[in-house]
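Everything on this sheet refers to the single structure shown next.
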Amino acid sequence: MKIKNVKVIVTNPGRNYVTVKIETDEGIYGVGDATLNGRELAVAKTIEEYLAPIIMDKNPDNIEHIWQYIYRGAYWRGGPVFMTALAGIDMALWDIKGKKAGLPVYSLLGGKCRNKALCYTHVSGQSFEEVKDNALEKIEAGYKALRVQVSIPGLDGTYGTVADDAKELPFVEKWDSKPYLKTIPKLFEYLKKEVDDDIHLIHDSHERLTVSEAKKLADELEKFNLLFLEDLIKPENKDGFKFIKNSTSVPLAMGELFNSRWDAISLIKEQLIDYIRCDVSHIGGITEAKKIAHLAETFHIKTAWHGPADISPIAHMANLHLDFSIPNFGIQELAEFPKEVAEVFSGRPEFKDGYLKISDKPGLGCDIDEEMAEKFSYEKAYLPVAERLDGSVHDW
Ligand code: KDG
Ligand code: MG
């Protein structure tokens, strides 16, 4: 079998998605997700101009070889744009391999380790009461785990509580750690009384705290038994986790900004985190995520792959095939897509009673309707930036 065509489809059913479709001389094709929120066309151009030409006529069965050929052959390796481009190709190749074998991808990855995968979704609100109402609604719908975020008084547009794409210029969010650190423990104190103790709660600090602030937050949240605290400090400051981990028993999660296993390795081997949560679309695809899962397994660390709405259902399916086939799966994030997404993408993780199920369709079990995709044309959208009260820039 030979790769005969590589298409890049950019579409906007409610938000932008980039899909790679690899066609072969045997009529089998595969699809992969190459969406990098706010940088979609940079990835599309990388694939079209640089990667598609060099994989033409290669045998799509040789996924590891093609991965290495792209990664090492470029010499200028890594980074979010390049690794997202590589991820899109990698997923499409796994999809082809599955379709050719007549087997779902999880089967090719070693087969099922479980029958269902625990998942969590997002709830937020402008007030504690609104967070509680939204949480109870999700619990009613069957969720057993929730990520909770709340608007912080005085900080307009707090992360996780407002839409995060802006059309003209990036939306500016205000940030100050003082009111944040005062509010979040109170939120959990409040939720403890309102939400069933069996529900797993998660909170995402989105890489904004200093080590001391992170330790203070972890200290104050310790009594609430969170499933994990996510992304406390900046991804560049991996050593910072040594100080946090030594002083808290709150499970820690990190990884959505990582682009390779080498970003993750020190946190894993020094056991500074409890959950690794890389993004399959930004880390080079299933091939790299599987290696990271194995590294994590070696050190008794679980997975919680990134699953926001800004990666397409194809990536969510890739997550799910990994979730089912690795022994050290922890939990899967599942954010809700804009409703138009179902008009363009068929196949997505199926939710039932707090868990995700997987079909045994060959390949990834997801497809794109190219005609429908064309009807939703790309619109430039930016992620927000965060600004401190004095106007200086903070990590968003
Ligand atoms: O594009 C940025 C989002 O993917 C990110 O903000 C979502 O932090 C996130 C999460 O945990 O889902
Ligand atoms: Mg996050």
The lone condition Leu191 fails out of (1) of a type outside the set (S, T, N, Q); (2) under 24 Å from the mean Cα position of the chain (by Cα); (3) buried (at least 18 other Cβ atoms within 10 Å of the Cβ) is (2)
Of all residues in region 316-344, count the ones that are open to solvent by less than 10 Å² (accessible area, probe 1.4 Å) and of a type in the set (Phe, Trp, Tyr).
1
Can you go through Pro104, Pro153 and tell me which one is touching a Pro at 6+ places or on another chain (Cβ under 7 Å) and open to solvent by less than 20 Å² (accessible area, probe 1.4 Å)?
Pro104
Search region 1-14 for residues that are farther than 15 Å from Glu340 by Cβ and pair each with any residue that is open to solvent by 40 Å² or more (accessible area, probe 1.4 Å) and assigned to a strand (DSSP E or B) when their beta-carbon atoms are under 6 Å apart and the residues are at least 6 apart or on different chains.
Lys4/Glu23; Asn5/Glu23
Identify the residue in region 30-44 that is among the charged types (D, E, K, R) and closer than 26 Å to Gly365 by Cα and, among all such residues, is nearest to the chain's Cα centre (by Cα).
Asp33
Output for region 286-337, where each listed residue is charged (D, E, K, R), within 12 Å of ligand 1 (Cβ to nearest atom) and not in a loop (DSSP other than H, G, I, E, B)
Glu333
Test set (1) touching a helix residue (DSSP H, G or I) at 6+ places or on another chain (Cβ under 8 Å); (2) over 23 Å from Lys4 (Cβ atoms) - Ile63 fails condition number:
(2)
Here are the criteria: (1) more than 20 Å from Lys375 (Cα to Cα); (2) within 23 Å of the chain's Cα centre (by Cα). Tell me which single one Asn59 does not satisfy.
(2)
So for region 125-142 (the condition being open to solvent by less than 30 Å² (accessible area, probe 1.4 Å), in a helix (DSSP H, G or I) and under 30 Å from Trp262 (Cβ atoms)), does at least one residue qualify?
no
Here the residues within region 203-220 that are within 16 Å of ligand 2 (Cβ to nearest atom), assigned to a helix (DSSP H, G or I) and either open to solvent by 10 Å² or more (accessible area, probe 1.4 Å) or within 23 Å of Lys193 (Cβ to Cβ) (or both) are Leu217
Given the criteria in contact with a helix residue (DSSP H, G or I) (Cβ under 6 Å, 6 or more places away or on another chain) and on the phi > 0 side of the Ramachandran plot, does Gly110 qualify?
yes
Just to be sure I understand, how many residues within region 265-285 are open to solvent by 10 Å² or more (accessible area, probe 1.4 Å) and part of a loop (DSSP other than H, G, I, E, B)?
5
Which listed residue is of a type in the set (A, V, I, L, M, F, W, C), at pLDDT 95 or above, within 15 Å of ligand 2 (Cβ to nearest atom) and outside the structural domain of Asn12 (by TED's automatic domain parsing), from Ile326, Ile265, Ile311
Ile311
Is there a residue in region 354-363 that is in a strand (DSSP E or B), modelled with pLDDT of 95 or more, open to solvent by 60 Å² or more (accessible area, probe 1.4 Å) and in the same structural domain as Tyr120 (by TED's automatic domain parsing)?
yes
Does region 156-188 hold any residues that are open to solvent by 60 Å² or more (accessible area, probe 1.4 Å) and of a type in the set (Gly, Ala, Ser), and which are they?
Ala163
Would you mind stating whether Lys238 is surrounded by 15 or more Cβ atoms within 10 Å (Cβ to Cβ), more than 16 Å from ligand 1 (Cβ to nearest atom) and not assigned by TED's automatic domain parsing to the domain that holds Thr84?
yes
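The values are calculated or read from the model by the stated rules, or taken from the named source; none is laboratory data. All values reported here derive from a predicted model rather than from experimental measurement. Cβ: placed from backbone, ideal geometry, glycine included. Neighbour counts: every protein chain shown. Keep in mind that these areas ignore ligands, DNA and RNA; they rest on the heavy atoms of the full protein, side chains included. Shrake-Rupley method; radii C 1.70, N 1.55, O 1.52, S 1.80 Å.
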